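Here is the structure we will look at.
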Amino acid sequence: MPDVKISYEDLLSGDRIPIAGVGHLRSPQLKEMRPTSGIGWNLYRVYVFYLKQGKEDLAQLLKFEFPEMSVFDIVISIDELRNLYQDALAFFMSECVRYDTTSQSFVCIQIEPNGGETIVGTIDRDNFDEVRLMILTLNYISTKDVDVAVKFSSDAAKQAWEQVQEYMRQNQEQASRADNDIMQVGNLISKLCAMHPSINYTNVFELTVFQFYDTFFQMSYLRQIGFTEDIVANHGSDQFQYEDWLKPVQY
């Protein structure tokens, strides 16, 4: 079972994240969801949706009870579902992913320049929940309420992970209270390009999903701070602190 080691700094870096015994997870760039050269936003949403489903969610979706079965057991027991998860895992990993019937696991394979293959790791019953939790986090989806037991390498790693989860949860709660049309990703891309001093339609699609959402929410927060500063400059306030703009985003 891999240790959870994804820090906020790592998430912002856009780099792939090495997971011992598995391979390398990644947050896709926006351009990978383009309709022709990418997979399209609809398929991306399908992948994320199924990776977030717990046992009860799958049972409700499939209209079938799965007593004494884990999410992983359910996934590999149905061909169509297993193929869907294989494609989803492959999209969010640097390695090629194939299901191996003998070991009953998803095997992560590095394709060498000469055509050879090297097995980097596996996703199985023991680490499947942790892997999907990390994938969701890389896609700026809070997993704070997902019922998954996570192993941490240290108390500091646990605290860092929980801080990132709380940060994203607050932003998503704010988004969920907004009108659905407002929070459509296309509208957010448009607003970010219109307001940001350097991000525009020529480079916004180079951002990873995590970088995009983080930049949008940070920009929204700084705009709020700017409005508050204007009010304080005109009317004064004993509670406002000018270093507030440096604080993590809070809603």
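Throughout, read-outs are computed from the coordinates displayed, never taken from laboratory work. Note that the structure is a prediction, hence the values are computed from the model and not measured. So basically every Cβ, Gly included, is an ideal-geometry build from the backbone, and we count neighbours across all protein chains shown.
What order, most packed first, do the peptides 118-125, 66-73 have when packing is the mean number of other Cβ atoms within 10 Å of each residue?
Working: 118-125: 17.9, 66-73: 13.9.
The packing order, highest mean first, is 118-125, 66-73.
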Chain lengthening between R45 and Q224 when straightened (0.36 nm per residue, less Cα-Cα): 61.5 nm
Per-residue Cβ neighbour rank within 10 angstrom, fewest leading, E95, E117: E117, E95
